[in-house]
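Chemist: One structure coming up, written as structure tokens, with questions to follow.
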Amino acid sequence: MKHMEKQIVVISLGGSLIVQENIDINFLKEFRKVILKYLQKDMKFIVICGGGRTARNYQNAAKEIANLNRDDLDWIGIHATRINAHLIRTIFRDYAHPKIIKNPTEKIKFKEKILVASGWKPGFSTDYDAVLLAKNFNAKKLVNLSNINYIYDKDPKKFPNAKIIKKISWKDFRKIVGNKWDPGLNAPFDPIASKEAQKLKMEVAIMNGKNLENFEKYLNGDDFVGSIIK
């Protein structure tokens, strides 16, 4: 893999990295340092933020109180992604486009180095939005920073014998994740996003965002700890 210099890199930034019990200030400081370092190498970034625990906390609270439909839960999750996106845009305010992108299909030319995006509308995960953003800006590579190191052939939390997968085709990956998406689904990459990424012949890298040195290896085109779907 060659160095990604002068390319737009689309990052799907998991909400679990932004907020755990509290906002992870240490992670955000280090993430900011890495991104600023690569801005000096003529790279541009599109960062779309997930809702993570914030979304689930609000969704779970609402479900305890009333019977909600899928759209209600989706909107709660979408607004969680938006508060996270505003936080990210703010910490990059000197380098980022002033508007949070809510519609990934919107035609926009950004002269800044960073574009920050959030969730769009019910029925669409931020993984799917990230794929649409990549399509919109002709980016063929997308990196999904989450809280897992690899893709596995089954859920490692439930199955101790789950096997690591370092490279996998979209066809085989989709056999693992299925074809349906639900708000709060905990899959390495959303099934609907996977279908679209397969159609676009996109490459998606899955890695643990906590390990930012590893993320740098990916940006440098070096071997990294993680999985590639293509």
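The values are calculated or read from the model by the stated rules, or taken from the named source; none is laboratory data. Only a predicted model underlies this, so the values are computations on that prediction, with no experimental measurement involved. In this analysis, Cβ positions are derived from the backbone assuming ideal geometry, glycine residues included, and neighbour counts consider all displayed protein chains. In case anyone asks, the SASA skips ligands and DNA or RNA and just uses the protein heavy atoms, side chains included. Shrake-Rupley method; radii C 1.70, N 1.55, O 1.52, S 1.80 Å.
Chemist: Which net charge results for the neighbourhood of ASN147, defined as the other residues with beta-carbon distances under 12 angstrom from its beta-carbon, given Lys and Arg at +1 and Asp and Glu at -1?
Modeler: Result for the neighbourhood of ASN147: +2.
Chemist: Return the distance in nm (one decimal) between the two label points of a simple spin-label model at ASP72 and GLU213, each offset 7 Å from Cα along Cα→Cβ.
Modeler: Here the answer is 4.8 nm between the modelled labels.
Chemist: Of all the C-alpha pairs in the chain, what % are more than 31 Å from each other?
Modeler: Details: 4127 of 26335 pairs.
Distances greater than 31 Å cover 16 percent of the Cα pairs.
Chemist: Are any of the pairs LYS121/LYS154; LYS63/LYS158; LYS158/LYS195; LYS63/LYS107 more than 31 Å apart by Cα-Cα distance, and if so, which?
Modeler: Correct reply: LYS63/LYS107.
Chemist: With equal scatterers on the alpha carbons only and no solvent term, can you work out the Debye log10 of I(q)/I(0) for region 42-110 at 0.20, 0.26, 0.27, 0.28 1/Å?
Modeler: The Debye formula, applied to the Cα set alone, gives -0.85, -1.15, -1.20, -1.25.
Chemist: Sorting check: for 29-41, 107-119, which peptide has the highest mean count of neighbouring beta carbons within 10 Å, and how do the rest follow? Present the calculation step by step, with values, prior to reporting the outcome.
Modeler: Values: 29-41: 14.8, 107-119: 18.2.
My ranking of the peptides, most packed first, is 107-119, 29-41.
Chemist: Suppose we take every Cα in region 1-131 and form the convex hull; what volume per residue is that in Å³?
Modeler: Once divided by residue count, the hull of region 1-131 is 111 Å³.
Chemist: Is region 130-230 best put as rounded, prolate or oblate by its Cα gyration tensor, with a ≥ b ≥ c the root eigenvalues, rounded for a/c under 1.5, and otherwise prolate when a/b is larger than b/c, oblate when not?
Modeler: Note, shape of region 130-230 comes out oblate.
Chemist: Say each of ASN220 and LYS199 gets a label point 7 Å from the Cα, pointing the same way as Cα to Cβ; how far apart are those two points in nm?
Modeler: A separation of 3.8 nm, rounded to one decimal place.
Chemist: Out of the total accessible area of the chain (probe 1.4 Å, heavy atoms of protein only), what percent is carbon and sulfur? Before the final figure, lay out each step's value.
Modeler: Values: 5900 of 12030 Å².
Its accessible area is 49 percent carbon and sulfur atoms.
Chemist: Additional query: Compute the relative contact order of region 105-212 as a whole-number percentage, counting only Cα pairs closer than 8 Å that sit 6 or more residues apart in sequence.
Modeler: Once normalised by length, the contact order is 36 percent.
Chemist: Add -39500 (n - 2.57) for each DSSP H run of 4 or more in the chain, then divide by its residues: what number comes out at 222 nm, to the nearest 500 deg cm²/dmol?
Modeler: Details: 8 runs with 93 residues, N = 230.
One gets -12500 deg cm²/dmol as the mean residue ellipticity at 222 nm.
Chemist: Please report the relative contact order for the chain, taking Cα pairs under 8 Å with a sequence separation of at least 6, and give it as a percent rounded to a whole number.
Modeler: 23 percent.
Chemist: Skipping prolines and chain starts, which residues have an amide H placed within reach, meaning under 5 Å, of the one on ILE148, given they are 5 or more residues away or on another chain?
Modeler: Hits under the 5 Å cutoff: GLY209.
Chemist: So for the chain: antiparallel DSSP bridges make up what percent, rounded to the nearest 5?
Modeler: About 20 percent, rounded to the nearest 5.
Chemist: Under 1.5 on a/c is rounded, so check that first for region 65-169, then, if it is not, pick prolate when a/b is larger than b/c and oblate when it is not; a ≥ b ≥ c are the square roots of the alpha carbon gyration tensor eigenvalues.
Modeler: oblate
Chemist: For region 216-230, what does the Karplus curve 6.51 cos²θ - 1.76 cosθ + 1.60, with θ = phi - 60°, yield as ³J(HN,Hα) per residue in whole Hz, taken in order and with x for Gly and Pro?
Modeler: Going residue by residue, I get 5, 4, 4, 5, 7, x, 8, 5, 9, 7, x, 10, 10, 10, 7 Hz, with x marking Gly and Pro.
Chemist: Another question, then. Given a 1.4 Å probe, how much area per residue of region 1-144 is accessible, in Å²?
Modeler: Heavy-atom SASA per residue in region 1-144 reads 50 Å².
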